[in-house]
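Trainee: Dropping a structure here in structure tokens format, bear with me for questions.
The values are calculated or read from the model by the stated rules, or taken from the named source; none is laboratory data. Remember, predicted model here, so these are calculated numbers, not experimental data. Positions of Cβ are generated from backbone atoms using ideal geometry, with glycine treated the same way; all protein chains shown enter the neighbour counts. What goes into the accessible areas is simple: the full protein's heavy atoms, side chains included, and nothing from ligands, DNA or RNA. Shrake-Rupley method; radii C 1.70, N 1.55, O 1.52, S 1.80 Å.
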Amino acid sequence: MNEDSFFEDLESQYSKQLPFVVYSRPINSVIKCWLQKDNDLYKTDTFKESGFVFAPFNLKDSDSSVLFPQEKCWFAEINSDLVETDTFSSTEILHNEEQKQHHIHLVSKGIEHIETDTLEKVVLSRCETKRIQNHNPITIFKRLLSRYKNAMVYCWFHPKVGLWIGATPELLFKVEGKRLTTISLAGTQPYKRVSQPQWTAKEYKEQQIVTDYITEQIEPYTKQINVSEVNTVRAGNLLHLKTKITSVLNDKAKLKSIIEALHPTPAVCGFPKGESKAFILKHENYNREYYTGFLGELNLKQTTSRNNNRRNVENNAYAVVKTQSNFYVNLRCMQLKNDVANIFVGGGITKDSIPENEWEETVNKSKTIGSVLD
């Protein structure tokens, strides 16, 4: 399939108000799309089906995990290197003083709660709106794709749920057969081309909380846990601290159990999970919906040969079929409603946080999405 027909099919699907998702994972230069054949709303709470899943922050909320069932969809893919983007002038997102003071007050309340209770970290967020001129989701998706090669870039639509677009740098986890891979991602600072990043003790501690939490949560379901060194990674105009964690699932591990163990992570919720989530639901004063939820491929079959040497015909005859799932945390995202973009941003709060700095961090994060809007 060529680029024109690929995106024409997407545009046609959207004009008919039929569900679709188009996305590109950071591991390759492939764009995939799923086009659902009807407009029914399918859901999952077992995660035993095969398809593409879009799950909310609060899995116990009325916002259910939406499923595009594999058998109900058409599929297509193209090479992302072939995609051309339009030229446009982005406009700056304006932040008013009321927004600033509200978020600073929220962060101050979070710090106070941490200092007087057992809560170690809480991730506090906000939603800001921006009017946009070009609200064609496929155009915005292409712009994001051209700017954020190291992210899971997606555009997801269901007429009964809404339209979401994002470029998330964070893998929740992936499972290939029995192999589980996840990452610990925390700490944020603007990318500066000419200088080496300097990380504070507060940021390293925040990242270590996430790493320790993940390894503790997956321990009952895995063996041979390996934790990498802490590295600095770039996501668009931002830098983060990242640790890769790999392990092997044991026989009693179920996909739903892994999801419940890891989602939401301290990187998007806090620590301990129960306390931080309760604080968020009580004090943020808005519904995150699918922001800080997760999305991705669910239980897809992947066939690989045992030997990559094509001349080894005998070994190639024994192909291995593995079930694969890839879930990404829904960060750096927005929801489009007509000519308005609802942009979601947040940051991790600890006892060492400075409220004004936390506001500035959300402003920097809003530029990821804001840079593709006109």
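Trainee: Among residues belonging to the stretch 164-177 that are of a type in the set (A, V, I, L, M, F, W, C) and open to solvent by 10 Å² or more (accessible area, probe 1.4 Å), point out the one that is nearest to Q17 (Cα to Cα).
Mentor: Filtering the stretch 164-177 down to residues of a type in the set (A, V, I, L, M, F, W, C) leaves 164-165, 167, 171-173, 175.
Okay, now just the ones that are also open to solvent by 10 Å² or more (accessible area, probe 1.4 Å), so 171, 175.
Details: L171: 29, V175: 32 Å.
Out of the qualifying residues, it is L171.
Trainee: Hey, another quick one. With the stretch 22-102 as the region, which strands (runs of 3 or more DSSP E) entirely inside it contain at least 2 residues that are of a type in the set (S, T, Y) and buried (at least 17 other Cβ atoms within 10 Å of the Cβ)? Steps first, answer last, please.
Mentor: On the way: elements: 30-36, 42-44, 51-55, 65-69, 73-79.
The strands (runs of 3 or more DSSP E) meeting that bar are 42-44.
Trainee: Looking at the stretch 319-373 only, could you name the residues that are polar (S, T, N, Q), more than 30 Å from T87 (Cβ to Cβ) and not in a strand (DSSP E or B)? Break it down into steps so the answer makes sense when it comes.
Mentor: First, the residues of the stretch 319-373 that are polar (S, T, N, Q): 323-326, 330, 335, 338, 342, 350, 353, 357, 362, 364, 366, 368, 371.
Remaining after also requiring more than 30 Å from T87 (Cβ to Cβ): 323-326, 350, 353, 357.
Listed by number, the residues that qualify are T350, S353, N357.
Trainee: Further, regarding this structure: Have a look at R179, R193 and point out the one that is at negative phi and out of contact with any strand residue (DSSP E or B) (no Cβ under 9 Å at 6 or more places or on another chain). Spell out the reasoning first.
Mentor: Details: R179 fails: out of contact with any strand residue (DSSP E or B) (no Cβ under 9 Å at 6 or more places or on another chain).
Residue meeting the stated conditions: R193.
Trainee: Let me ask you something else. Does the stretch 22-31 include one or more residues that are more than 23 Å from the chain's Cα centre (by Cα) and farther than 25 Å from S257 by Cβ? Step through it out loud before you land on a result.
Mentor: So in the stretch 22-31, the residues more than 23 Å from the chain's Cα centre (by Cα) come out as none.
Looking for residues that are more than 23 Å from the chain's Cα centre (by Cα) and farther than 25 Å from S257 by Cβ, one finds none in the stretch 22-31, hence no.
Trainee: Please verify whether L238 is under 30 Å from Q99 (Cα atoms) and open to solvent by less than 30 Å² (accessible area, probe 1.4 Å), treating the condition exactly as stated. Give the steps one after another, and end with the answer.
Mentor: On the way: under 30 Å from Q99 (Cα atoms): yes; open to solvent by less than 30 Å² (accessible area, probe 1.4 Å): yes.
It is true that L238 is under 30 Å from Q99 (Cα atoms) and open to solvent by less than 30 Å² (accessible area, probe 1.4 Å).
Trainee: In this structure, is T182 hydroxyl-bearing (S, T, Y) and buried (at least 24 other Cβ atoms within 10 Å of the Cβ)? Show your work before the answer.
Mentor: On the way: hydroxyl-bearing (S, T, Y): yes; buried (at least 24 other Cβ atoms within 10 Å of the Cβ): yes.
Judged against the criteria, T182 is a match.
Trainee: Taking the stretch 208-241 as the search range and keeping residues that are assigned to a helix (DSSP H, G or I) and among the aliphatic types (A, V, I, L, M), which one is nearest to S371 (Cα to Cα)?
Mentor: Narrowing the stretch 208-241 to residues assigned to a helix (DSSP H, G or I): 208-221.
Those still in the list that are among the aliphatic types (A, V, I, L, M) too: 209-210, 214, 218.
Values: I209: 31, V210: 29, I214: 32, I218: 37 Å.
So the residue we want is V210.
Trainee: Between residues in the stretch 179-198 that are under 30 Å from K252 (Cα atoms) and residues that are open to solvent by 100 Å² or more (accessible area, probe 1.4 Å), which pairs lie under 6 Å by C-beta distance while being six or more apart or on different chains?
Mentor: I183/K244
Trainee: Could I ask something else about it? Report, ordered by the first and then the second residue, all pairs with beta carbons closer than 8 Å, sequence separation of six or more or different chains, a first member in the stretch 27-44 that is without any contact (Cβ under 8 Å) to a residue 60 or more places away in the chain, and a second member that is open to solvent by 70 Å² or more (accessible area, probe 1.4 Å) and of a type outside the set (D, E, K, R).
Mentor: K32/F75; C33/F75; W34/W74; W34/F75; L35/W74; L35/F75; K37/W74
Every residue, every condition in (1) under 26 Å from L295 (Cβ atoms); (2) out of contact with any helix residue (DSSP H, G or I) (no Cβ under 9 Å at 6 or more places or on another chain); (3) of a type outside the set (F, W, Y), yes or no:
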| site | (1), (2), (3) |
| --- | --- |
| D86 | yes, no, yes |
| N96 | no, yes, yes |
| S108 | no, no, yes |
| T116 | no, yes, yes |
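Trainee: In contact with an Asp or Glu (Cβ under 9 Å, 6 or more places away or on another chain), open to solvent by less than 40 Å² (accessible area, probe 1.4 Å) and outside any strand (DSSP E or B), is that true of L10?
Mentor: On the way: in contact with an Asp or Glu (Cβ under 9 Å, 6 or more places away or on another chain): no; open to solvent by less than 40 Å² (accessible area, probe 1.4 Å): yes; outside any strand (DSSP E or B): yes.
In short, no.
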